[in-house]
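Okay, structure first, notes after.
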Amino acid sequence: MIKLYGFGKNLGLLDASPFVVKVHTFLKVAELDYETIASPHNIGKSPKGKLPFITDDDKTVSDSQDIIEYLSESYQVNLDKTLTEEQRATAYLLTKSLDENLYWCLVWSRWQEENTWKIVKNSFFKGLPFPISAIIPKILRKKVIKSLKAQGTGRHSEKEIIEIANKSFQALSALLGDKDYFFGPNITGFDITAYAFIASFTQAELENKINNIAKSYKNLVSYCDRINNIYF
Ligand SMILES: N[C@@H](CCC(=O)N[C@@H](CS)C(=O)NCC(=O)O)C(=O)O
């Protein structure tokens, strides 16, 4: 039995992490049976110290990309069979753009932006007893802000970060156009990543500037709603 280790449902999303949402979505689209183990404590069990990871009997695989490749191979799932070699190459680079660029705008919007942080803090850390509830969020926020600085996004101004995110939404909206999925009428591997990231902005129960901009792209909103309705 495949077990998916994530953080758990939060902010009205399937999981707080878009990388975990990616694997959930893949498993749903591929119609594979799986169980979810949802807890922030899973981080401590993860081979790479990050979520998601999966176990499949005695095999453990971490990193959403490696997990999806492992599952595709092991269970003979090929979501990209209708794509040309050139489209597959484009899909890979698009995936990495969301994983490595848009992701950091999401992290910034939740952990650094003051107004959203107040809501995120209450949602991510609810149920923690005092005084841990006063200490842990502070320590983790400091760590995340340090990562944002080291990665580079945290060195931009709020206006610049919002514009970086907007450029991704604009590009995604233009690429999708009025198609059902990014590469045409069939769902493909890139849609798994696109859904996970776009929905993390458009479907989160969070009012902030970045989420509002994402929601202004009507084709992206209806794309995520459609995937929700079909697969979840
Ligand atoms: N490349 C990884 C990225 C996973 C990742 O960054 N996960 C974050 C949550 S969104 C995490 O576990 N962060 C915890 C930490 O860095 O301590 C993947 O694709 O799975």
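The values are calculated or read from the model by the stated rules, or taken from the named source; none is laboratory data. None of these values were measured; they are calculated from a predicted model. Glycine gets a Cβ as well: all are built from the backbone with ideal geometry, and neighbour counts include every protein chain shown.
Do we find that Leu172 is in a helix (DSSP H, G or I), within 18 Å of the chain's Cα centre (by Cα) and over 27 Å from Arg226 (Cα atoms) in this structure? In short, no. Looking only at segment 30-71, which residues are hydrophobic (A, V, I, L, M, F, W, C) and outside any loop (DSSP other than H, G, I, E, B)? If the condition is that a residue be hydrophobic (A, V, I, L, M, F, W, C) and outside any loop (DSSP other than H, G, I, E, B), then Ile37, Ala38, Ile43, Phe53, Ile54, Val61, Ile67, Ile68, Leu71 are the ones that fit. For the subset of segment 177-225 comprising residues that are in contact with a strand residue (DSSP E or B) (Cβ under 9 Å, 6 or more places away or on another chain) and assigned to a helix (DSSP H, G or I), which member is surrounded by the most Cβ atoms within 10 Å (Cβ to Cβ)? Here the answer is Ser200.
Answer with yes or no whether Asp63 is surrounded by fewer than 21 Cβ atoms within 10 Å (Cβ to Cβ), among the acidic types (Asp, Glu) and either within 22 Å of Gln203 (Cα to Cα) or within 12 Å of the ligand (Cβ to nearest atom) (or both). Against the criterion (surrounded by fewer than 21 Cβ atoms within 10 Å (Cβ to Cβ), among the acidic types (Asp, Glu) and either within 22 Å of Gln203 (Cα to Cα) or within 12 Å of the ligand (Cβ to nearest atom) (or both)), Asp63 qualifies.
Which residue, of Asn101, Asn78, Asn122, Asn115, is surrounded by fewer than 18 Cβ atoms within 10 Å (Cβ to Cβ) and part of a loop (DSSP other than H, G, I, E, B)?
Values: Asn101 fails: part of a loop (DSSP other than H, G, I, E, B); Asn122 fails: part of a loop (DSSP other than H, G, I, E, B); Asn115 fails: part of a loop (DSSP other than H, G, I, E, B).
Just a single option satisfies the conditions, and that option is Asn78.
Inspect segment 29-51 for any residue being under 12 Å from the mean Cα position of the chain (by Cα), within 22 Å of Ile139 (Cα to Cα), within 14 Å of the ligand (Cβ to nearest atom) and not assigned by TED's automatic domain parsing to the domain that holds Gly184 and give the result as yes or no. Lay out the reasoning, then the answer.
Residues of segment 29-51 under 12 Å from the mean Cα position of the chain (by Cα): 51.
Imposing the further condition that a residue be within 22 Å of Ile139 (Cα to Cα) reduces the set to 51.
Filter once more, keeping what is within 14 Å of the ligand (Cβ to nearest atom): 51.
Subsequent filtering for residues that are not assigned by TED's automatic domain parsing to the domain that holds Gly184 retains 51.
The answer is yes, given that some residue of segment 29-51 is under 12 Å from the mean Cα position of the chain (by Cα), within 22 Å of Ile139 (Cα to Cα), within 14 Å of the ligand (Cβ to nearest atom) and not assigned by TED's automatic domain parsing to the domain that holds Gly184.
Could you check, for segment 155-172, whether at least one of its residues is surrounded by 12 or more Cβ atoms within 10 Å (Cβ to Cβ) and more than 21 Å from Leu106 (Cα to Cα)? Checked against the condition, which is being surrounded by 12 or more Cβ atoms within 10 Å (Cβ to Cβ) and more than 21 Å from Leu106 (Cα to Cα), segment 155-172 yields no hits at all. Cβ-Cβ distances below 9 Å connect the following pairs, each with a first residue in segment 155-170 that is more than 13 Å from Glu113 (Cα to Cα), a second residue that is outside any helix (DSSP H, G or I), and a separation of six or more residues or different chains: Glu163/His156; Ile164/His156; Phe169/Ser216; Phe169/Tyr217; Gln170/Tyr217. For Phe19, the criteria (1) near the ligand (Cβ under 10 Å from one of its atoms); (2) in a loop (DSSP other than H, G, I, E, B) hold in every case but one, which is (2).
Cβ-Cβ contacts under 8 Å between residues 6 or more apart (or on different chains), taken from a first residue in segment 89-100 that is assigned by TED's automatic domain parsing to the domain that holds Ser168 to a second residue that is of a type in the set (Phe, Trp, Tyr) and buried (at least 16 other Cβ atoms within 10 Å of the Cβ), are listed as Ala91/Phe182; Ala91/Phe183; Ala91/Phe190; Leu94/Phe182; Leu94/Phe190; Thr95/Phe190; Leu98/Phe197; Asp99/Phe19.
Every residue, every condition in (1) assigned to a helix (DSSP H, G or I); (2) outside the structural domain of Ile213 (by TED's automatic domain parsing); (3) within 23 Å of Asn211 (Cβ to Cβ), yes or no:
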{"site": "Phe130", "(1), (2), (3)": "no, no, no"}
{"site": "Ile135", "(1), (2), (3)": "yes, no, no"}
{"site": "Leu140", "(1), (2), (3)": "yes, no, yes"}
{"site": "Ile145", "(1), (2), (3)": "yes, no, yes"}
{"site": "Leu148", "(1), (2), (3)": "yes, no, yes"}
{"site": "Lys159", "(1), (2), (3)": "yes, no, yes"}
{"site": "Ala165", "(1), (2), (3)": "yes, no, yes"}
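Can you name the residue in segment 138-155 that is closer than 27 Å to Ser216 by Cβ and touching a helix residue (DSSP H, G or I) at 6+ places or on another chain (Cβ under 7 Å) and, of all such residues, is farthest from the ligand (Cβ to nearest atom)? The qualifying residue farthest from the ligand (Cβ to nearest atom) is Arg155.
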